[in-house]
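Visitor: Input: one structure, supplied below.
The values are calculated or read from the model by the stated rules, or taken from the named source; none is laboratory data. As the structure is a computational prediction, the values presented were derived from the model and not from experiment. Positions of Cβ are backbone-derived with ideal geometry, glycine not excepted, and every protein chain shown enters the neighbour counts.
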Amino acid sequence: MKLSKTALSTLSAAVVGFLALGVASTPAAAATTNTSTFLVTANVTAGCSVTSAGIAFGPYTGAQVQITGSLSVTCTAANVSVSITLDKGQNGASTTARQMAGPNSGKLNYSLNQTSYTGANWDTLAVPTTTALTAVTTPIYATLAGGQSQPTGAYSDMITATFTY
């Protein structure tokens with residue numbers, strides 16, 4: 001059986017259309033969805049950090065010098081009670097007899113006080129209760145005693161501040 005060109009063309013178009021319809025109507029593979037959960041945790045500890053501006057008396061002319069330094073405590077948790085102890089330094093005999101060392105065995109006497117320049121000597125001080133992540137700044141009232149005659153040069157001391165919380 002011989003088909004005419006018209007019949008062959010019609011038949012070819014029908015086969016192509018049928019195949020196209022069959023491919024288009026074949027359902028796609030269904031996507032698979034799974035879920036999972038996970039835990040997110042944190043543990044806030046009563047950690048505290050401390051910063052200090054230090055104390056620099058500047059040039060000493062023999063007159064008494066008074067300046068204010070500070071210590072700032074920032075804790076990760078609220079309602080943390082902190083106490084700060086300042087040691088005697090590297091050169092002092094005690095916390096009430098602090099000294100800076102200089103050239104030729106020179107020493108300059110100074111004091112660190114809690115509430116004012118003439119207030120209580122600072123050895124241990126309770127800091128107000130902290131608020132989480134908010135710095136609590138505590139002043140240090142420093143006095144370099146007047147009337148000291150020492151060799152010229154640079155004088156210094158290193159104080160260790162111990163924080164207990």
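Visitor: Only one of 79, 104 is touching a residue at least 24 places away in the same chain (Cβ under 8 Å) and farther than 30 Å from residue 47 by Cα. Can you tell me which? Walk me through it before giving the result.
Guide: Details: 79 fails: farther than 30 Å from residue 47 by Cα.
Exactly one residue qualifies, and that residue is 104.
Visitor: Take segment 63-97 and flag every residue that is over 24 Å from residue 120 (Cα atoms) and of a type in the set (Gly, Ala, Ser).
Guide: Of everything in segment 63-97, those that are over 24 Å from residue 120 (Cα atoms) and of a type in the set (Gly, Ala, Ser) turn out to be 77, 78.
Visitor: Tell me which residues, restricted to segment 105-147, are in a loop (DSSP other than H, G, I, E, B) and either buried (at least 17 other Cβ atoms within 10 Å of the Cβ) or of a type in the set (Gly, Ala, Ser) (or both).
Guide: 106, 114, 116, 119, 120, 122, 130, 132, 135, 145, 146, 147
Visitor: On to the next question. Determine, yes or no, whether residue 81 is at pLDDT 95 or above and either under 29 Å from the mean Cα position of the chain (by Cα) or of a type in the set (D, E, K, R) (or both).
Guide: no
Visitor: Here's something else I'd like to know. Could you say whether any residue in segment 45-64 is loosely packed, with under 10 Cβ neighbours inside 10 Å, at pLDDT below 85 and outside any loop (DSSP other than H, G, I, E, B)?
Guide: no
Visitor: While we're on this one: Could you tell me whether residue 73 is hydrophobic (A, V, I, L, M, F, W, C), in contact with a Cys (Cβ under 8 Å, 6 or more places away or on another chain) and either under 24 Å from residue 160 (Cα atoms) or at pLDDT 55 or above (or both)?
Guide: yes
Visitor: List, please: which pairs have Cβ atoms under 6 Å, are six or more places apart or on different chains, and start with a residue in segment 45-69 that is closer than 22 Å to residue 118 by Cβ and end with one that is surrounded by 12 or more Cβ atoms within 10 Å (Cβ to Cβ) and β-branched (Val, Ile, Thr)?
Guide: Pairs that qualify, where the first residue is closer than 22 Å to residue 118 by Cβ and the partner is surrounded by 12 or more Cβ atoms within 10 Å (Cβ to Cβ) and β-branched (Val, Ile, Thr), are 57/65; 66/143; 69/55; 69/140.
Visitor: So, in segment 156-165, of the ones that are β-branched (Val, Ile, Thr) and loosely packed, with under 14 Cβ neighbours inside 10 Å, which residue ends up modelled with the highest pLDDT?
Guide: 160
Visitor: Answer yes if at least one residue in segment 60-74 is among the hydrophobic types (A, V, I, L, M, F, W, C) and over 19 Å from residue 141 (Cα atoms), and no otherwise.
Guide: For segment 60-74, residues among the hydrophobic types (A, V, I, L, M, F, W, C) and over 19 Å from residue 141 (Cα atoms): absent.
Visitor: On the basis of being surrounded by 12 or more Cβ atoms within 10 Å (Cβ to Cβ), outside any strand (DSSP E or B) and in contact (Cβ under 8 Å) with a residue 12 or more places away in the chain, does residue 153 make the cut?
Guide: Criteria not met by residue 153.
Visitor: If you take the residues in segment 82-101 that are touching a residue at least 60 places away in the same chain (Cβ under 8 Å) and among the small types (Gly, Ala, Ser), which one is nearest to residue 47 (Cα to Cα)?
Guide: So, considering only residues that are touching a residue at least 60 places away in the same chain (Cβ under 8 Å) and among the small types (Gly, Ala, Ser), the one nearest to residue 47 (Cα to Cα) is 83.
Visitor: While we're on this one: If I ask for residues that are among the hydrophobic types (A, V, I, L, M, F, W, C) and under 20 Å from residue 148 (Cα atoms), which ones from segment 88-129 would you list?
Guide: 93, 97, 100, 101, 108, 112
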